[in-house]
Amino acid sequence: MPTSMTGIHITNILGFIALLLVWIVLCEIAKMLVLLLRNDPLIGWAIGPLGISALFLSEPSIAYIIFKALFPALVSGCILYFGLFTTFPEPIVVPHHPFIEILVVAAGVLLTSTGDFLNALRDIRYPLWGEARILRTLQSMRASWATIHFTAFGLSYLRDHFHSTPTDILQAF
């Protein structure tokens with residue numbers, strides 16, 4: 001193993017940066033594609049440093065929660081494997097041992113998808129629906145310094161169920 005680790009080095013710094021950017025962008029696109037699959041009333045969305053989040057009215061199904069966690073992880077693993085261990089020009093030279101390949105891909109998947117896995121476990125173990133789910137999601141969006149945008153349906157929902165405006169709700173957090 002010590003001889004394996006000495007064989008890891010960066011051969012092309014621009015290629016390495018490009019691989020990292022493609023990896024992050026495609027993981028975020030995978031998360032957005034999963035959000036687009038959901039056919040529930042959209043209350044709003046948030047754009048922040050942790051990515052793009054959506055706020056839906058109803059509780060998602062268990063299958064959707066699991067798919068939302070696994071699909072971006074699968075995309076992340078595929079990008080890492082193809083970017084580091086195939087015949088493409090490699091920006092990083094990594095020994096082609098099965099143990100090292102599994103270790104590198106698993107570390108990358110954990111890096112990009114740990115939050116998704118934890119959110120899926122939370123949603124399965126402690127499901128929330130209705131106003132409680134909306135308030136929890138708004139609070140987490142607000143805590144991440146995200147810019148929150150409400151749809152027309154979301155504005156009417158806030159008026160009908162909370163008797164307030166988005167400004168009042170967001171100031172409460």
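Coordinate-derived values only; no laboratory data. None of these values were measured; they are calculated from a predicted model. As a convention, Cβ positions derive from the backbone with ideal geometry for all residues, glycine included, and neighbour counts pool all protein chains shown.
With a ≥ b ≥ c the root eigenvalues of the C-alpha gyration tensor of the stretch 9-172, is it rounded (a/c under 1.5), prolate (a/b larger than b/c) or oblate? Don't skip to the end; give the middle numbers.
Numbers: a/c = 3.10, a/b = 2.28, b/c = 1.36.
Judged from the Cα gyration tensor, the stretch 9-172 comes out prolate (a/c at least 1.5, a/b above b/c).
What spacing in nm lies between the two simple spin-label points modelled at HIS9 and ILE47, each 7 Å away from Cα in the Cβ direction?
Each label point is offset 7 Å from its Cα along the Cβ direction, giving 4.3 nm.
Pairs of Cα atoms under 8 Å, at least six residues apart: use those to get the relative contact order of the stretch 9-172, whole percent.
Values: 172 pairs, mean separation 53.6, N = 164.
With pairs under 8 Å counted, the relative contact order is 33 percent.
Based on alpha-carbon centroids, what's the gap between the stretch 57-74 and the stretch 78-149 in Å, whole number please?
Centre-to-centre (Cα) distance: 13 Å.
Between 0 and 90 degrees, rounded to the nearest ten: what's the tilt of helix 98-125 against the longest Cα principal axis of the chain?
10 degrees
Nearest 10 degrees, 0 to 90: what angle lies between the long axis of helix 131-143 and the longest principal axis of the chain (Cα atoms)?
Between the helix axis and the principal axis of the chain, the angle is about 50 degrees.
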